[in-house]
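Enquirer: Got a structure for you, written out below as structure tokens; questions coming shortly.
The values are calculated or read from the model by the stated rules, or taken from the named source; none is laboratory data. Bear in mind that the values here come from a model prediction, so they are computed numbers and not experimental data. Virtual Cβ from ideal backbone geometry, glycine too; neighbours counted across all protein chains shown.
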Amino acid sequence: MKETSEQQSFSRRNLLQWVAGLVGTGSLTAWFGKDASAQGLGSEAPRLQPAQAAAPETAQAQNPLTPDEALAQLMAGNQRFVTRKRLNPHQNIARITEVATEQAPFAAILSCADSRVVPEIAFDQGIGDLFVVRVAGNIAVTEDTASEEYAIAMLGTPLLMVLGHERCGAVTAALKGDKLPGVLDSLVLAIQPAVKASEGEPGDRLTNAVKANVRLQVQRLQTSPIIASAVEAGKLKVVGAFYDLDTGAIDLVS
Ligand SMILES: [Zn+2]
């Protein structure tokens, strides 16, 4: 945490070179400790023996924050947002230059595309801080999961959050179950198991379904061997959260 930005920059450069090497040799397995190559990352190449695996200090340098520290930093930012004490960090010209050739976001977020839910603002973060994937209903379908896998595997991001929100239109559509035009049904299909899972729960039907959908997408993300292995290795935490449209407050969904 006390590293200078130069030292961090050096570490990140080394890490990127190292990870690029792992992908090239198919030895992501050595990093994740599991069969990450099942995802197709260098599955043709031989694995490294454990003794040849990258030094632990290199792996630890992937991000200066632990998963718990990353979560605390994210929630502290939302607290600033809610209490109108935003710092608007990392939003100046110097930051653009700092991250122009490399990035090390401390949190990856799978958020709804809703125009009112803007992670960088709601968490009071700036350029290069968050790796945000936005899709209606915050659903973990293939491309979204792949995007988050990139953040975890290639950028060393220590926190992954699924962010649902109050009065979500996609979840509302899934609750209604009406036939929809275009390819909108694909969204509903991905959410329907959450609608079913939350049936009969006390309280607001829509809010319950939104939270069940957050839990469902957290589970889906963790079926990724890359994500599951990073969690198992203690390099990643996956959490769900709920955004209150009325207040801007974000609370974890357990
Ligand atoms: Zn939504």
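Enquirer: Considering only residues of the stretch 204-228 that are away from the ligand (no atom under 16 Å from the Cβ) and not in a helix (DSSP H, G or I), which is surrounded by the most Cβ atoms within 10 Å (Cβ to Cβ)?
Expert: Here the residue is Ser224.
Enquirer: Looking at the stretch 55-78, can you tell me whether even one residue there is acidic (Asp, Glu) and within 16 Å of the ligand (Cβ to nearest atom)?
Expert: Going through the stretch 55-78, the residues acidic (Asp, Glu) turn out to be 57, 68-69.
Cutting the leftovers down to within 16 Å of the ligand (Cβ to nearest atom) gives us none.
No, that holds for no residue.
Enquirer: On to the next question. When you check Glu232 against the structure, is it closer than 30 Å to Pro64 by Cβ and either more than 21 Å from the chain's Cα centre (by Cα) or in the same structural domain as Pro67 (by TED's automatic domain parsing) (or both), yes or no?
Expert: yes
Enquirer: Restricting to the stretch 139-167, give me the number of residues that are among the hydroxyl-bearing types (Ser, Thr, Tyr) and within 16 Å of the ligand (Cβ to nearest atom). Step through it out loud before you land on a result.
Expert: Step one: list which residues in the stretch 139-167 are among the hydroxyl-bearing types (Ser, Thr, Tyr), which gives 142, 145, 147, 150, 157.
Cutting the leftovers down to within 16 Å of the ligand (Cβ to nearest atom) gives us none.
Total satisfying the criteria: 0.
Enquirer: A follow-up question, please. So for the stretch 179-193 (the condition being touching a strand residue (DSSP E or B) at 6+ places or on another chain (Cβ under 8 Å) and away from the ligand (no atom under 11 Å from the Cβ)), does at least one residue qualify?
Expert: The initial filter retains those residues of the stretch 179-193 that are touching a strand residue (DSSP E or B) at 6+ places or on another chain (Cβ under 8 Å), namely none.
Checked the stretch 179-193: no residue is touching a strand residue (DSSP E or B) at 6+ places or on another chain (Cβ under 8 Å) and away from the ligand (no atom under 11 Å from the Cβ).
Enquirer: On to the next question. Test Lys235 against the criterion of being of a type in the set (Lys, Arg) and loosely packed, with under 14 Cβ neighbours inside 10 Å, and give yes or no.
Expert: Here the answer is no, as Lys235 does not meet what is asked.
Enquirer: Here is a follow-up. Taking the stretch 88-120, which residues are β-branched (Val, Ile, Thr) and either in a loop (DSSP other than H, G, I, E, B) or over 18 Å from Ala70 (Cβ atoms) (or both)?
Expert: Ile93, Ile96, Thr97, Val99, Thr101, Val117, Val118, listed by residue number.
Enquirer: Looking at the stretch 130-142, which of its residues are of a type outside the set (A, V, I, L, M, F, W, C) and in contact with a helix residue (DSSP H, G or I) (Cβ under 7 Å, 6 or more places away or on another chain)?
Expert: Residues satisfying the conditions are Gly137, Asn138.
Enquirer: Would you mind stating whether Glu232 is free of Cβ contacts under 8 Å to residues at least 12 places away in the same chain and farther than 20 Å from Asp114 by Cα?
Expert: no
Enquirer: Can you tell me which residue among Ala173, Ala113, Ala136, Ala197 is away from the ligand (no atom under 14 Å from the Cβ) and assigned by TED's automatic domain parsing to the domain that holds Thr83?
Expert: When all the criteria are applied, what remains is Ala197.
Enquirer: Oh, and also: Check off (1) in contact (Cβ under 8 Å) with a residue 24 or more places away in the chain; (2) over 21 Å from Arg220 (Cβ atoms); (3) crowded, with 16+ Cβ neighbours inside 10 Å for Ala140 and give me the number that stays unchecked.
Expert: Against the list (1) in contact (Cβ under 8 Å) with a residue 24 or more places away in the chain; (2) over 21 Å from Arg220 (Cβ atoms); (3) crowded, with 16+ Cβ neighbours inside 10 Å, Ala140 comes up short only on (2).
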